[in-house]
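Here the structure comes first, spelled out in structure tokens, and everything after it is commentary.
The values are calculated or read from the model by the stated rules, or taken from the named source; none is laboratory data. From a predicted model like this one, the values you see are computed outputs, not experimental measurements. Heads up, the Cβs are rebuilt from the backbone with ideal geometry, glycines too, and the neighbour counts pull from every protein chain shown. Accessible surface is based on the protein model in full, side chains and every heavy atom, while ligands, DNA and RNA are left aside. Shrake-Rupley method; radii C 1.70, N 1.55, O 1.52, S 1.80 Å.
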Amino acid sequence: MGIIKHYFMPNAYVKSVFEINVDKLAETGVKGIITDLDNTLVGWDVVAPTEQIKQWFKEAREKDIQITIVSNNNEQRVGEFSKDLNVDFICKARKPMGKAFKKAINQMSIKPSETVVVGDQMLTDVFGGNRNGLYTIMVVPVKRTDGFITKFNRLIERRLLNHFRKKGYIKWEEN
């Protein structure tokens with residue numbers, strides 16, 4: 001079971017991106033964040049960044065932390081959202097495949113060891129980040145509703161979380 005834990009267990013788990021302390025990230029040498037969009041930053045049906053999201057991005061920028069949004073969603077969705085934040089993005093990323101993660105790191109001109117991946121899905125964000133040797137932070141999904149593929153992923157995710165909980169690997173409680 002060690003290999004499953006290695007690939008699917010996030011390094012950290014928080015209720016929302018707002019619990020991620022950008023000051024601490026900067027102190028530990030983080031220079032870039034690769035973040036998912038839908039159900040990580042905002043609900044999948046929210047078109048524009050909230051004021052709170054804009055503030056979180058601003059705080060990261062003030063600490064010289066770059067952010068790239070990496071999403072499996074289409075260019076119109078991800079591009080419109082990213083434009084309001086003035087950040088780079090990669091759409092149709094095909095996570096958990098590694099190409100988009102590597103591209104984001106190269107675009108930010110940073111090292112993998114200086115990169116954090118933030119997302120709400122174990123099978124795409126966490127698995128993709130872990131298999132590329134990146135530090136992963138999983139967030140509780142902003143909304144409880146998902147698209148068809150994500151619903152399927154969540155079934156598998158729940159089984160993995162239950163397994164990890166039974167093994168004593170995780171101590172947090174889900175909402």
Quiz item: In a GNM of the chain with a 10 Å cut-off on Cα contacts, which of 131, 159, 77 has the highest mean-square fluctuation?
Solution: 159
Quiz prompt | Anisotropy class of the stretch 1-76 from Cα gyration tensor, a/c 1.5 cut | solution = oblate
Exercise. Roll a 1.4 angstrom probe over the protein heavy atoms and tell me the percent of accessible area of the stretch 43-101 that is carbon or sulfur.
Key: 46 percent
Exercise. Rank these residues by their accessible area, most exposed first, probe 1.4 Å: 51, 157.
Key: 51, 157
Exercise. Pull up all non-local amide H partners of residue 135: gap of 5 or more, or a different chain, and H-to-H distance under 5 Å with H placed in the peptide plane.
Key: 115, 117
Exercise. Estimate the FRET efficiency between residue 111 and residue 6 by the formula 1/(1 + (r/R0)^6), using the beta-carbon distance for r and 25 Å for R0, to the nearest 0.05.
Key: 0.75
Quiz prompt | Computed [θ] at 222 nm, deg cm²/dmol, the chain (DSSP H ≥ 4; -39,500 (n - 2.57); rounded to nearest 500) | solution = -12000 deg cm²/dmol
Quiz item: Contour minus end-to-end for residue 84 and residue 16, with contour as 0.36 nm per residue of separation and end-to-end as the Cα-Cα distance?
Solution: 22.5 nm
Quiz item: Which residues in the stretch 89-122 have a backbone N closer than 13 Å to a point placed 7 Å from the Cα of residue 169 along the Cα-to-Cβ line?
Solution: 122
Practice problem: Round to the nearest 0.05 the FRET efficiency obtained for residue 47 and residue 151 when R0 = 22 Å and r is the Cβ-Cβ distance. | Solution: 0.50
Quiz item: From the Cα gyration tensor of the stretch 1-140, with a ≥ b ≥ c the square roots of its eigenvalues, which class applies: rounded if a/c is under 1.5, or else prolate if a/b is larger than b/c, or else oblate?
Solution: rounded
Practice problem: Pairs to check: 15/63; 24/83; 5/102; 31/63. Give those whose C-alpha atoms are more than 18 Å from each other in this structure. | Solution: 15/63; 24/83; 5/102
Quiz item: Could you give the accessible area per residue of the stretch 25-175, probe 1.4 Å, as a whole number in Å²?
Solution: 54 Å²
